Amino acid sequence: MTRTALPLTGAALVLILLVLVTVRLPWIGDLGIHAATVERLRHGLLDPGNPLVDADTPSPYYSPWTVLLGALAKATGLSAFGVLRIGALVALAVLVTGVWRYVRTLSARAAAPPLALLCLLLLWGTTQFSWSGFLGLHSLALTVAYPSVLALGLAFHLWAWLARAVRGATRGWGVWLGCGVLWAVVLLVHQYSGVVASLGALAVVFSARAGRGVLGRLGAGAALGVLVLWAWPYYDFFALLGAGDGMDAVHRSLYRDLLGRYWLVLVGVAALVMRWRRDRRDVLVLFFVLGVVVFAAGGVSGHWSWGRVLPAALIPAQLAVAVEAAQALESGRRVVRVAWAGVLGVALVVGAWGQAGTLGYVAGRGLLPGAVEEKYREPWEGYRWIRRWVGYGDVVMAREFPARQIPAWGAYTVAPGYPDFFLDDEGERLAAVRAYFSAGAVGSARRGIEREYGVRWVVGRGERDGLRGDPGLRRTGRGPGGEVLYAVVG
């Protein structure tokens, strides 16, 4: 077996695993809001309204990508989850080809691209961690149908395209204007990944020591990108600049247990030090520094949402170790090759073991060995069971956790399951839900809330929520975990 065959085989196996994951499409986290977005666009492509509640508001979830998926759902009649599976496969293809193209701008070694894929997916830590925009294998398995995967794939293509342009490999204005449009699309598809893409693009430009001619073309491309952002009709992109403070509490956990989640990336930091000693303006070093500075600034200032930029520090470190290892494996002295193969090989194996629970999303819990089963997180069951009674557009009263899932099948909830910057009465809606399920709630107060928000159904836990015996509710169905669906009488 050649030195390239082993990383190619490993990368292929990991990608096959991710493709198989899309068949089951495990649900933990935000999959419900993405399915709800597709459902709204299927029923109203030009004016979908709020994806979670019955309100006519814009939403940042209506991006060029989700509009395309909504159009596909409308044209084919496929379910939202069927369309998301197709989207996941497309996003994976974009990600893999993007990584391949960008790594080619960093190294001509044949082993570099497959090693880069393995490092991006496996070189993390041993504490399991999942969040959209983070490319760890376990995280990607749970977010593979999220727009963030496509956005990061497009970001790699942007960096590859831009790297060739600043080196003079392509001429004319078209490539620069195209980079500007692509940059805007990434920002519209997933804003946090768009920030990562922007930092990576800045690193490419700074490292190239670009002259005035390049900077002029770059400015024209950036101006066109800003114009695309301004013209996007589904939501005001620039209004999101004021949404950061409201999202900070959600992201506080991104600054916890950093060593356990990312300690294997230290191998990549060592590779970055080697690259910095050779070139003080190395593109990956600059990218890493920009990412660390923004992430640290968020931690110091309490802007926890800035933690979403952490992939801007992780990605260059992971790519650096892949490129350095590929160089050593193909042309280095024997002792250097053995050292790199040993260090990186052990790190990848440890990283793979730390994320071994991902196998459960293909094989199921029952087929996992005991040690692997401990790393497996059971997916959510969802609320498909209420579809027998609840129709599209019906309003359901539910607490926060079910409110994150119920809209995936076309119903609305009274309050959104996620923070919504564009929903002016979000506070009132949340207060209404708390009042409805409060221990001392009386029938007249509940009837008033039902009338105000057009509630037709209630999902609760019977006696625990004080719903049993309420004459305004009729028990209609029962779901897993003791949950009960009530119809609002009259």
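The values are calculated or read from the model by the stated rules, or taken from the named source; none is laboratory data. Being a predicted model, the structure only gives us computed values, none of them experimental. Using ideal geometry, Cβ is built from the backbone for each residue, glycine included, and neighbour counts are taken over all protein chains shown. Note: areas computed on protein heavy atoms with side chains; ligands, DNA, RNA excluded. Shrake-Rupley method; radii C 1.70, N 1.55, O 1.52, S 1.80 Å.
Could you tell me whether the range 403-410 includes any residue that is farther than 14 Å from Ala55 by Cβ and surrounded by fewer than 16 Cβ atoms within 10 Å (Cβ to Cβ)?
Scanning the range 403-410 turns up no residue that is farther than 14 Å from Ala55 by Cβ and surrounded by fewer than 16 Cβ atoms within 10 Å (Cβ to Cβ).
Against the conditions (1) in a helix (DSSP H, G or I); (2) over 30 Å from Leu344 (Cα atoms); (3) in contact with a Pro (Cβ under 6 Å, 6 or more places away or on another chain), where does Ala297 fall short? Just the number, please.
Of the numbered conditions (1) in a helix (DSSP H, G or I); (2) over 30 Å from Leu344 (Cα atoms); (3) in contact with a Pro (Cβ under 6 Å, 6 or more places away or on another chain), the odd one out for Ala297 is (3).
Being of a type in the set (A, V, I, L, M, F, W, C), in contact (Cβ under 8 Å) with a residue 24 or more places away in the chain and in a loop (DSSP other than H, G, I, E, B) is the filter here; which residues of the range 435-464 pass it?
Correct list: Ala439, Ala441.
Filter the range 419-468 for residues that are of a type outside the set (A, V, I, L, M, F, W, C) and touching a Lys or Arg at 6+ places or on another chain (Cβ under 7 Å); which is farthest from Ala249 (Cα to Cα)?
If we take residues in the range 419-468 being of a type outside the set (A, V, I, L, M, F, W, C) and touching a Lys or Arg at 6+ places or on another chain (Cβ under 7 Å), then Gly462 is farthest from Ala249 (Cα to Cα).
What are the residue pairs meeting all of these: first residue in the range 1-27, first residue open to solvent by 80 Å² or more (accessible area, probe 1.4 Å), second residue part of a helix (DSSP H, G or I) and of a type in the set (D, E, K, R), Cβ atoms under 9 Å, and 6 or more apart or on different chains?
Taking only residues 6 or more apart or on different chains, the pairs are Arg3/Glu330; Arg3/Arg337; Val23/Arg85.
Could you check, for the range 481-488, whether at least one of its residues is touching a helix residue (DSSP H, G or I) at 6+ places or on another chain (Cβ under 9 Å), open to solvent by 70 Å² or more (accessible area, probe 1.4 Å) and at pLDDT below 95?
no
Residues checked against (1) surrounded by 13 or more Cβ atoms within 10 Å (Cβ to Cβ); (2) touching a Pro at 6+ places or on another chain (Cβ under 9 Å); (3) farther than 20 Å from Val488 by Cβ:
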{"residue": "Val362", "(1), (2), (3)": "yes, no, yes"}
{"residue": "Leu368", "(1), (2), (3)": "yes, no, yes"}
{"residue": "Ala371", "(1), (2), (3)": "no, no, yes"}
{"residue": "Leu423", "(1), (2), (3)": "yes, yes, yes"}
{"residue": "Arg429", "(1), (2), (3)": "yes, yes, no"}
{"residue": "Gly443", "(1), (2), (3)": "no, yes, no"}
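Are any residues in the range 101-115 open to solvent by 40 Å² or more (accessible area, probe 1.4 Å) and within 22 Å of the chain's Cα centre (by Cα), and if so, which ones?
Matches in the range 101-115: Arg101 only.
Got a sec? Which of Pro316, Pro311 is out of contact with any Cys (no Cβ under 9 Å at 6 or more places or on another chain), crowded, with 17+ Cβ neighbours inside 10 Å, modelled with pLDDT of 95 or more and within 30 Å of Pro58 (Cα to Cα)?
The unique qualifying residue is Pro311.
Scan the range 178-200 residue by residue and report those that are open to solvent by 10 Å² or more (accessible area, probe 1.4 Å) and farther than 15 Å from Val226 by Cα.
Passing the criteria: His190, Tyr192, Leu199.
Six or more apart or on different chains, Cβ under 8 Å: which pairs go from a residue in the range 166-177 that's open to solvent by 70 Å² or more (accessible area, probe 1.4 Å) to one that's at pLDDT 70 or above and part of a helix (DSSP H, G or I)? Could you list them?
As it stands, the answer is Trp173/Arg217; Trp173/Ala220, since those pairs meet every condition given.
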